[in-house]
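Inspection log for the structure reproduced underneath, given as C-alpha cells.
Rule-based calculations on the coordinates, nothing more; no lab input. Remember, predicted model here, so these are calculated numbers, not experimental data. Virtual Cβ from ideal backbone geometry, glycine too; neighbours counted across all protein chains shown.
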Amino acid sequence: MAEADAETAHASNGGDNSSRALAALRARLQRIDRNGGKALRLPPERDLAVELGIGRRAVRRALEVLETEGLIWRQQGKGTFTGPRPSENPGTVSALVDRTNPQEVLEARMQLEPALAGLAAMRAVQQDVRNMRDLCERIARARDDDARELWDEALHRTIGRAAGNALLFGLYEIIEEVRRDEVWRGLRERARSRAMVATYVEQHAAIVDAIARRDPGAAEQAMRSHIATLRRSILTQDDQEAGLVG
C-alpha cells in the first residue's frame, strides 16, 4: 500500500519515478564507493522502494540501468551487489551456478535433450526401455516433490545414457549439476501444480513410447514439447516471484 501511494504521489507531481530512483541509487553507490569500494549487497527491491519513497517498478528499472552500466551485478538467489565481483573460475560448475539463470539452463536443455532422445531412439536396447517405463511409473506414483524430483532426474539420465554418446552425456551431467542447486530445486518444486504433474507424466510416456518405436524424429519432438512445457511453467513461476507479472 505504501508503495502504491508513493507511486501515485510522484506521478501526480509530474515526477519521473524511474529517473528519481536512478538518481537516488547513483548517489547511494557513490557513498558506498567512498566507504572503501568493496563488494556489498544492496537491500532487496522492496526495501529500497520503501527507503526511497518510490514505487518498486521504478526501482527495478533503475537497477536494470545500473546493471547494464556495470555498476551493480546479481547472483541468482543471493541478491544484488555493488563493487568488484569475486574472482571465479568460469570452468567450474559451482561458478556456473552463480553465473547462469533459469532461462539459460532451459535453453541449454532445449538444445541438448531432444538430440539425446533422438539418439536413444536409435541406440537404446530393450532393457533401457524397460528401465524408462519403470521410472515413468515411479514418477506417476510419487506422492511428494522429493520423490518426483528423484525419479524424474533418473528418467532423464537413463535417456541420456541410452543415447550412447559420452560427450553429449557429459554436457548433460554439467547441466544437471547446475540444476541440483537448492535455489533451482525450490523453483521447480513450486512450479509443479497437480495439473502440471499430470501433464509431465503424459509427456514422459510419449517420449519413451517414441524411443521404444525407434522413431528418432518423434522422440526429439516429444522431448522438445516436454522441455517447452517445463520452460513455460518455471519461467512463469520465476517471473511471479520477481514481481514482474501477476
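Side notes on the structure shown:
- Remark: 173, 149 ranked as 173, 149, counting other beta-carbon atoms within 10 Å and listing the fewest first.
- Taking amide H atoms as placed 1.01 Å from N in the peptide plane, the amide H of residue 72 lies under 5 Å from those of 67, each 5 or more residues away in sequence or on another chain.
- In terms of other Cβ atoms within 10 Å, 31, 179 run from fewest to most in the order 31, 179.
- Residues 65, 125, 208 in ascending order of nearby Cβ atoms (within 10 Å, fewest first): 125, 65, 208.
- Rg over Rh [alpha-carbon atoms, Kirkwood Rh] for the range 96-163: 1.04
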